[in-house]
1. Output the residue which, of all residues in the range 1-43 that are part of a loop (DSSP other than H, G, I, E, B) and modelled with pLDDT of 85 or more, is least open to solvent (accessible area, probe 1.4 Å).
2. For the range 94-107, give me the residue count where each residue is among the charged types (D, E, K, R), surrounded by fewer than 13 Cβ atoms within 10 Å (Cβ to Cβ) and more than 11 Å from GLU74 (Cβ to Cβ).
3. Just give me the residues in the range 69-107 being of a type in the set (Lys, Arg) and in contact (Cβ under 8 Å) with a residue 12 or more places away in the chain, in sequence order.
4. Among what's in the range 81-93 and is at pLDDT 90 or above and not acidic (Asp, Glu), pick the residue that is most open to solvent (accessible area, probe 1.4 Å).
5. Across the range 66-80, which residue is modelled with the lowest pLDDT among those that are of a type in the set (A, V, I, L, M) and part of a loop (DSSP other than H, G, I, E, B)?
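The values are calculated or read from the model by the stated rules, or taken from the named source; none is laboratory data. Predicted, not measured: the structure shown is a model, and the values here were computed from it. Quick reminder, even Gly has a Cβ in these numbers, built from the backbone with ideal geometry, and neighbours come from all protein chains shown. Accessible surface is based on the protein model in full, side chains and every heavy atom, while ligands, DNA and RNA are left aside. Shrake-Rupley method; radii C 1.70, N 1.55, O 1.52, S 1.80 Å.
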Amino acid sequence: MSIDKGFLNQALHPSFTVAHTPMLPGRPECDPEIDKIYPKFNLTEAAKLLDEAGYVDTDGDGIRNDPKSGKNLEFLMYVYAPYSDEVRAAEIIKGWLAQIGIKLDVK
């Protein structure tokens, strides 16, 4: 819910098809109804789910904390620098995650 695959697809690779699973759409093994059941992009709902699961900002630094360990929800994403589209996508994703209190470092 925190990554808008459709937006990224249109912005970076409009001729590609959005996939929600490792099985690509159009393959006989892929459920044609997957688009109807896959959660849609919604940062408000994503934040609500995190709240309900106990991932709240307990130390006031703007980053949600793990309810068990207290550690910040902070992740690292490696991107191959020569692929500028992937670098751009990672920065867009970083922005979305920041809006819901998750820190993403892009390297």
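1. We begin by selecting, within the range 1-43, every residue part of a loop (DSSP other than H, G, I, E, B); these are 1-4, 13-33, 38-42.
Going one step further and asking which of them are modelled with pLDDT of 85 or more, we end up with 1-4, 40-42.
Values: MET1: 69, SER2: 25, ILE3: 73, ASP4: 43, LYS40: 126, PHE41: 75, ASN42: 58 Å².
Taking the candidates together, the pick is SER2.
2. So in the range 94-107, the residues among the charged types (D, E, K, R) come out as 94, 103, 105, 107.
So of that shortlist, the ones also surrounded by fewer than 13 Cβ atoms within 10 Å (Cβ to Cβ) come out as 105, 107.
Okay, now just the ones that are also more than 11 Å from GLU74 (Cβ to Cβ), so 107.
Here the count works out to 1.
3. At the first step, the residues of the range 69-107 found to be of a type in the set (Lys, Arg) are 71, 88, 94, 103, 107.
Scanning the range 69-107 gives ARG88, LYS94, LYS103, LYS107.
4. Residues of the range 81-93 at pLDDT 90 or above: 87-93.
With not acidic (Asp, Glu) added as a condition, the list becomes 87-90, 92-93.
Numbers: VAL87: 50, ARG88: 119, ALA89: 17, ALA90: 1, ILE92: 39, ILE93: 19 Å².
That would be ARG88.
5. If we filter the range 66-80 for residues that are of a type in the set (A, V, I, L, M), which is where we start, we get 73, 76-77, 79.
The next check asks that each one be part of a loop (DSSP other than H, G, I, E, B); those that pass are 73, 79.
Numbers: LEU73: 97, VAL79: 93.
Ranking the qualifying residues of the range 66-80, first place goes to VAL79.
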